[in-house]
1. Can you name the number of the only condition in (1) within 14 Å of another protein chain (Cβ to nearest Cβ); (2) open to solvent by less than 30 Å² (accessible area, probe 1.4 Å); (3) part of a helix (DSSP H, G or I) that B:Thr43 fails?
2. Would you say B:Glu53 is within 13 Å of ligand 1 (Cβ to nearest atom), among the acidic types (Asp, Glu) and open to solvent by 30 Å² or more (accessible area, probe 1.4 Å)?
3. Return the residue satisfying two criteria in turn: it lies in segment B:58-79 and is part of a strand (DSSP E or B) and surrounded by 13 or more Cβ atoms within 10 Å (Cβ to Cβ), and of such residues it is farthest from the other protein chains (Cβ to nearest Cβ).
4. So B:Val83 ticks every box in (1) away from ligand 2 (no atom under 16 Å from the Cβ); (2) among the hydrophobic types (A, V, I, L, M, F, W, C); (3) within 14 Å of chain A (Cβ to nearest Cβ) but one. Which box is left unticked?
5. Where the second residue is near ligand 1 (Cβ under 9 Å from one of its atoms) and open to solvent by less than 30 Å² (accessible area, probe 1.4 Å) and the first is hydrophobic (A, V, I, L, M, F, W, C) and lies in segment B:41-60, which pairs have Cβ atoms under 6 Å and are six or more apart or on separate chains?
6. Please work out which residue is least open to solvent (accessible area, probe 1.4 Å), limiting yourself to segment A:1-56 and to residues that are of a type in the set (Val, Ile, Thr) and within 14 Å of chain B (Cβ to nearest Cβ).
7. Condition check: within 13 Å of ligand 1 (Cβ to nearest atom), open to solvent by 70 Å² or more (accessible area, probe 1.4 Å), out of contact with any strand residue (DSSP E or B) (no Cβ under 6 Å at 6 or more places or on another chain) and away from every other protein chain (no Cβ under 14 Å). Does B:Glu12 satisfy that?
Amino acid sequence: MKIRTMKYFAAQGLQGIWRNRLMSVASIATISSCLMIVGIFYCIAVNIDYMLESLEGTAGITVFYTKENYTERDIEVIREKISKISYIKDIRYISPAEALEAEKKEWGEYASLLEGLEDDNPLPPTFELTLEDIRFQKDVISELNKINGIEIRYFEEETKILISFNNIIRIISLALILILSFIGIMLMDNTIRLTVYVRKTEISIMKYIGATDWFIRWPFIIEGIIIGFIGSIIPLGIIWVSYNFITQLIFEKNTLLQNILSFRTTEEIFRVLTPISLIIGISIGVIGSSISIRRYLKV
Amino acid sequence: MIELHNVTKTYENGVDALLNVSLKIEKGEFVFIIGTSGSGKSTLIKLLLKEVEPNHGEIIVNNKNITKLKKSKIPYLRRGLGVVFQDFRLLPNKTVYENVAFAMQIVEASPKEIRRNVPMVLSMVGLARKARAYPNQLSGGEQQRTALARAIVNNPPILLADEPTGNLDPKTSWEIMKVLKDINSRGTTVIVATHDLDIVRKMKRRVIELREGIVVQDLPKGGYSYED
Ligand SMILES: Nc1ncnc2c1ncn2[C@@H]1O[C@H](COP(=O)(O)OP(=O)(O)OP(=O)(O)O)[C@@H](O)[C@H]1O
Ligand SMILES: [Mg+2]
């Protein structure tokens with residue numbers, strides 16, 4: 001295709017949008033609201049994921065060795081067994097001596113109360129496990145339960161809640177994306193149908209003097225691309241501004257929340273959200289317009 | 001160049017517009033198709049363009065059997081056929097110049113070629129001064145000449161003209177005929193459907209007469225003037 005033909009198509013596409021301004025605006029608004037919801041849910045889901053990740057560091061699984069008399073060799077055997085379990089990212093061994101040191105630090109000025117325990121250390125040898133993904137907690141626990149002589153401690157309820165919350169968010173956003181894309185395509189179809197209808201005679205004349213279907217189709221597809229593009233840029237802009245604003249607000253005003261919540265940066269969010277939005281938006285535009293031209297090309 | 005073998009076209013309402021028509025037109029010929037209103041002249045032209053499909057028979061255009069032409073190939077068939085439609089089929093929101101230029105845009109001609117060819121054909125059909133007018137600002141004859149200009153601007157090997165003088169006074173009609181003769185003398189095959197027997201007689205060309213969808217006469221060059 002030659003550049004001048006491309007220019008002609010682009011001019012025709014813009015003209016089509018302008019001729020049915022009202023429907024164009026309606027289509028842009030639908031695509032925008034669809035992508036707005038996609039964006040909001042994406043931000044929430046990504047941040048929950050992120051918080052889960054940070055939680056894994058603190059809420060891993062702690063394994064205590066409970067046998068009274070043990071040798072270095074026993075500890076080694078346990079470590080071997082644990083390391084065979086999948087989904088474990090890291091195993092850190094804390095000897096009773098190290099644990100006691102840590103306790104002393106915690107106790108601070110009262111540390112003297114712990115003195116004398118070095119010789120008869122009541123603290124058990126401990127393994128701190130970090131998981132590849134907190135979702136695997138259940139599997140890892142059930143594997144650990146098969147090992148004798150150990151006791152495990154973990155935060156179960158908290159993880160469960162976060163995971164299920166995240167799953168709900170995912171399901172809702174997927175459903176909303178599907179529903180809104182469908183509405184977007186329908187509206188787009190209507191918008192283009194109007195342009196096509198206005199140009200029905202023109203299209204048939206074009207066909208009689210030898211225009212190919214693609215020659216006729218392109219202006220409408222470009223119309224769809226432009227509408228889809230505008231429809232994706234608007235929510236991206238709104239989300240950019242509000243995400244910056246909200247994260248700033250939480251970081252600046254609320255030190256309490258700051259300790260619990262952690263957020264992805266705006267850049268991290270948009271590195272993924274921008275292509276997703278553009279792809280969804282432009283696809284809605286193009287699919288919608290293709291559907292309506294098909295009917296009028298049968299001359 | 002053009003062949004019809006036992007072609008029948010029956011419209012959905014049961015009208016037999018063409019019945020078992022066979023004919024052959026050679027390259028470079030100038031042929032009149034005559035017949036009363038409703039005799040099937042436009043249907044014949046529409047069949048060549050694949051605007052309508054035959055119920056029976058085979059059609060060959062430019063040495064290609066178009067009876068079973070793929071849909072995607074139809075535009076290329078039409079590009080080889082310049083057509084002056086009986087109802088003109090001009091684009092209402094484009095000027096005379098733009099209408100003619102549009103036929104060149106479709107085949108992706110360069111702007112340079114467009115700027116050179118469009119004024120040339122417009123002056124050939126005597127419309128140079130109306131280049132900026134829109135179709136609804138033109139008389140019937142002027143619209144017809146615009147349609148003719150558009151049909152010839154891409155130099156098609158075959159020119160089909162359905163009543164190209166239907167709305168014209170005798171003087172303008174002759175001018176149009178001169179243009180058609182010119183084009184024909186440059187090697188283009190020209191097929192003209194018309195009621196205008198006066199012109200047909202004076203032109204002394206091959207004449208095919210249709211009556212109720214049947215070829216009743218096929219007279220070689222000059223034959224018609226003797227007959228009547
Ligand atoms: N689309 C159509 N549907 C049904 N019948 C049609 C259709 N087009 C034409 N006809 C019928 O087919 C017959 C031939 O029509 P056609 O247009 O070919 O005649 P024509 O010779 O071009 O007439 P005219 O000189 O008036 O232009 C007529 O009886 C007409 O009524
Ligand atoms: Mg006719």
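1. (1)
2. So B:Glu53 fits the description; yes.
3. Ranking the candidates gives B:Glu58 first.
4. Of (1) away from ligand 2 (no atom under 16 Å from the Cβ); (2) among the hydrophobic types (A, V, I, L, M, F, W, C); (3) within 14 Å of chain A (Cβ to nearest Cβ), only one is false for B:Val83: (1).
5. If the second residue must be near ligand 1 (Cβ under 9 Å from one of its atoms) and open to solvent by less than 30 Å² (accessible area, probe 1.4 Å), the pairs left are B:Ile45/B:Asp162.
6. Top of the filtered list is A:Thr5.
7. Answer is yes for this residue.
Okay, residues lined up against (1) open to solvent by 20 Å² or more (accessible area, probe 1.4 Å); (2) away from every other protein chain (no Cβ under 14 Å); (3) near ligand 1 (Cβ under 9 Å from one of its atoms):
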position	(1), (2), (3)
B:Val7	no, yes, no
B:Leu18	no, yes, yes
B:Leu23	no, yes, no
B:Glu26	yes, yes, no
B:Glu29	yes, yes, no
B:Thr36	yes, yes, yes
B:Ser39	no, yes, yes
B:Leu48	no, no, no
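The values are calculated or read from the model by the stated rules, or taken from the named source; none is laboratory data. Only a predicted model underlies this, so the values are computations on that prediction, with no experimental measurement involved. Neighbour counts run over all protein chains shown; Cβ positions are idealised from the backbone, glycine included. The area values use the complete protein model at the heavy-atom level, side chains included, leaving out ligands, DNA and RNA. Shrake-Rupley method; radii C 1.70, N 1.55, O 1.52, S 1.80 Å.
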